[in-house]
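Taking it in order: structure first as structure tokens, then the write-up.
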Amino acid sequence: MFKLFNYFATISFVAFVLIVGPYSYFFARYITGQMYEAQLSKNLIISNSFVSDTASDLKALSRSDESISRVHLLKSNEFEEFRNDVASLLKHTETSNVRLLGLSGTILFSLNEAELGQKLEPAEFQLAKTALTEGLASQHKNIVSASAKQKSYILSSYMPLKGSEGQYALLQLDSDITPIHNRIDSFRFWFILLTALCALCLYGMLCYVMQHFSSIISRQYQELSTVKEKLEQQTQELKRSNEELELFAYTASHDLQEPLRKVQAFGERLAKKHGDVLGKEGLLYLERMQDASSRMRVLIQDLLTYSRVSTKADPFLRLDLNLIVRDVVSDLEVRISQTNAKVELSNLPTIEADPLQMRQLFQNLIGNALKFHKPDQAPIVTVSCETINEKVVITVKDNGVGFDNQYAEKVFQIFQRLHGRGEFEGTGMGLAIVRKIVERHGGNISAESQENEGASFIITLPLPAALPEEHKKDIRKTQTLHPQLA
Amino acid sequence: MNRKPITILMADDDPDDRMLTGEALEESLLANDLHFVEDGEELMDYLHCRGKYSDPVSAPKPGVILLDLNMPKKDGREALKEIKSDPNLKRIPIVVMTTSKVEQDILRSYDLGANSYITKPVTFDGLVDVIRNLGRYWFEIVELPQSEEYVRS
């Protein structure tokens with residue numbers, strides 16, 4: 001993020017330089033041009049008024065011969081008079097010098113007395129001569145004075161003087177435009193400085209904001225990773241304690257079986273070898289003890305099965321549920337024929353699951369459906385299936401005694417029984433095992449029932465992610481084959 | 001049955017099981033001699049005639065070993081491995097008789113060379129059945145290497 005910001009800053013800085021530099025340059029040039037124009041027209045006005053005020057003096061001065069010397073000029077009366085006039089005229093103007101030039105380039109008058117009578121530099125005279133043809137000429141010069149580093153800018157304008165006999169001289173007016181130049185330069189300097197400062201300020205602010213946000217983000221990230229670490233640690237602990245608990249349940253139920261086996265075996269020995277000593281009542285007590293211990297054995301075995309769902313689990317395989325359910329039904333064949341039951345199966349999908357556990361699941365569910373039948377009615381068990389949102393929903397429905405729907409959640413608890421032992425046998429572990437199996441497969445199970453209205457157990461299992469298309473079609477076909485299930 | 005009844009050696013740390021097996025043998029009317037050892041160490045001592053088992057009369061060579069897997073000191077798996085890798089002992093049939101129904105134990109036992117694997121029956125009648133069938137199988141049906149005089153080291 002900061003890298004991106006740095007790129008942005010560099011690019012915008014370059015853009016800033018590219019825009020502000022030329023802009024200020026051209027702006028300054030434009031302003032300077034305007035200033036020159038203004039100064040030139042001012043010079044023109046000054047020159048005109050100057051000419052009209054001092055026309056006679058000028059004429060008299062210019063009449064002096066080309067060969068006139070500096071000494072002669074200084075001595076002439078007109079010169080003195082003219083100089084006074086010029087000084088009074090130029091009192092409140094920027095004009096720094098006034099020269100009167102003869103047509104051959106001789107300086108007939110100048111405020112700088114040293115150059116009187118001298119000839120103009122050829123380049124300068126060249127320009128002055130253009131004024132003779134065009135009426136007016138001007139130029140500006142940058143003069144660096146020797147004494148200081150200060151530059152002075154001079155604008156010179158040349159105006160031809162006309163008399164009745166034609167042009168007779170040239171008037172040169174030098175204006176000092178240094179203050180204007182300085183003003184423009186300082187304006188340029190301040191403009192660039194201020195814009196740069198503004199930009200710097202903006203960048204500084206942006207930097208600060210970025211820094212601030214990034215520190216917030218990094219702090220939050222740190223907090224998040226701490227929380228994540230903690231969570232991971234807790235998950236590990238939970239996993240370990242879960243594993244310990246499962247191992248405990250497994251070991252406990254395994255070890256509990258041992259003494260029970262002895263109780264039963266010695267009970268048997270007692271009944272067989274010493275039955276006659278115990279008498280009828282003693283044998284009845286013994287029988288009850290034996291019954292109780294064998295019931296406890298079944299309980300322990302169911303508990304063992306329950307704990308084995310996660311401790312002794314096999315890896316998931318691609319599994320055709322049709323084959324599993326058919327196997328289960330054939331295992332239950334004796335009970336089915338005993339109760340005259342009817343088991344209706346619809347086409348089931350292929351999923352990824354633990355084969356033994358899927359078998360156990362359907363064994364328990366179909367077994368239950370057969371067990372809890374009404375005394376006067378043959379059981380009808382239907383196993384149906386549909387797919388909803390990439391999930392397979394399998395329903396095992398019976399027409400048995402059912403249960404009050406308020407127990408729909410309770411039936412899945414361990415050792416939960418809704419009927420007396422005299423009515424239906426069992427330990428109350430079957431559905432707990434079923435739920436544990438379903439949950440291990442990433443699904444869930446729920447029950448729906450009314451008393452005497454049968455019961456439905458609805459299992460939702462995820463379909464394998466990369467299920468080939470034809471399988472999906474198969475499942476859809478099943479739905480249309482069994483419209484009553486939809 | 002003109003064969004001399006074979007000695008059965010049972011290795012089990014559980015005194016109840018030893019007693020019940022003895023009674024079951026009686027009940028099944030087999031005339032075999034039944035000897036007990038209580039852990040893997042004792043089993044190996046017996047087979048190698050060490051310590052209290054050095055007398056060949058009181059500790060005769062077993063024709064079949066009933067082996068429990070979970071025993072103290074040296075467990076059945078280790079003993080099984082040791083016996084089956086000993087050229088002098090590996091021909092003695094070993095029947096693993098244990099409470100474990102764990103698939104892994106069953107596979108491991110057969111991998112180590114067990115000749116049979118039986119889970120201990122829950123009822124005494126079941127135990128009598130097992131002993132009777134074992135007797136029939138190992139002492140009547142199966143032909144064991146009779147001539148072999150296993151070298152007691």
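Bear in mind that the values in this text are calculations on the coordinates, not laboratory data. For clarity, every value in this text was computed on a predicted model and none was experimentally measured. Don't worry about glycine lacking a Cβ; one is built from the backbone with ideal geometry, like all the others, and counts go over all protein chains shown.
For this structure, a couple of remarks:
- Computed extension length for residue A:242-residue A:296: 17.0 nm, one decimal, from 0.36 nm per residue of separation with the Cα-Cα distance subtracted.
- Per residue of B:91-103, other chain Cβ atoms within 10 Å of the residue Cβ number 1 on average.
- Where only alpha carbons of the range A:271-410 are counted, the Rg and the Dmax (Å): 20.1, 69
- Residue order, fewest to most beta carbons within 10 Å, for A:226, A:106: A:226, A:106
- Positive-end ranking of A:97, A:313, A:186 along the dipole of chain A, with charges on Cβ about the Cα centre, is headed by A:313.
- Sites residue A:193 and residue A:15 - FRET efficiency at Förster radius 22 Å, r taken between beta-carbons, to 0.05: 0.75
- Applying a length cut-off of 24 Å (Cα extent along the axis) and a mean Kyte-Doolittle floor of -0.5 to the DSSP H helices of chain B leaves no helix.
- Residue A:414-residue B:48 FRET efficiency (beta carbon distance; Förster radius 35 Å; 0.05 resolution): 0.10
- Length added when fully stretched, residue A:52-residue A:450, from 0.36 nm per residue minus Cα-Cα: 130.6 nm
- Sequence of A:384, B:54, A:293 once ranked by neighbouring C-beta atoms within 10 Å, starting from the fewest: B:54, A:293, A:384
- Separation of the residue B:142 and residue A:24 label points, Cα + 7 Å toward Cβ, nm: 10.7 nm
- Three principal axis lengths of chain A [C-alpha, angstrom, descending]: 177, 50, 35
- Qualifying aspartates and glutamates (Cα of each under 19 Å from Cα of residue B:81; at least 8 residues distant if same chain): B:12, B:13, B:38, B:39, B:41, B:42, B:45, B:68, B:103, B:105, B:111
- Note on A:42, A:436: ascending count of other Cβ atoms within 10 Å places them as A:42, A:436, the fewest first.
- With contacts taken as Cα pairs under 8 Å and at least 6 residues apart, chain B reaches a relative contact order of 25 percent.
- Nearest-0.05 FRET efficiency for residue A:202 and residue A:89, computed from C-beta distance (R0 45 Å): 0.25
- With the largest listed first and rounded to whole Å, the semi-axes of the equivalent ellipsoid of the range B:1-111 from the Cα gyration tensor are 21, 18, 14.
- Relative contact order %, the range A:214-312, counting alpha carbon pairs below 8 Å whose residues are six or more apart: 43 percent
- DSSP-defined beta bridges in the protein assembly as shown - what % are antiparallel, rounded to 5: 70 percent
- Residue pairs, from the table A:272/B:84; A:436/B:74; A:280/A:374; A:342/A:391; B:73/B:120, whose Cα atoms sit over 29 Å apart: A:272/B:84; A:436/B:74; A:280/A:374
- The mean number of Cβ atoms from other chains found within 10 Å of a Cβ in peptide B:5-16 is 1, as a whole number.
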